[in-house]
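Accompanying notes for the structure given below.
Quick note: the coordinates plus some simple rules give every number you see, no bench work behind them. Not measured: the values here are computed from a predicted model.
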């Protein structure tokens, strides 16, 4: 089942930042990394991904540069230092949130212990 963009609301930015953790990618490669990394569940339309990338760039979390490959211009993005800090903080917040949700759904005491 493919996730709708609405289901990812609030999580899309951190997922996009995570796709850039290993280095720069062009826009379509980011979209593919999100899809592949989620086993096909996050196969989002470009109309969702590109505006989010522009928003992240405007916030100073990523930066982009243009290149020409096989005669076609494409924009590649990379994390900024600010983006790396944001990704680290959001990962910590996500782990805490996921632990709390798991504790409620599985009726385990919080914080859940592995």
For the chain, built as a Gaussian network whose Cα springs stay under 10 Å, the top-fluctuating residue of 36, 70, 90:
70
Taking N as the number of residues in the chain, what is its Cα Rg relative to 2.2 N^0.38 Å?
1.20
With the Cα gyration tensor of segment 12-55 in hand, give its eigenvalues times 5 under a square root as the equivalent ellipsoid semi-axes, listed largest first in whole angstrom.
13, 13, 9
Springs between alpha-carbon pairs under 10 angstrom, Gaussian network model over the chain: which of 81, 98, 58 fluctuates most?
98
At 0.36 nm per residue, minus the direct Cα-Cα distance, what do residue 95 and residue 73 gain on full extension? Give it in nm, one decimal, please.
4.1 nm
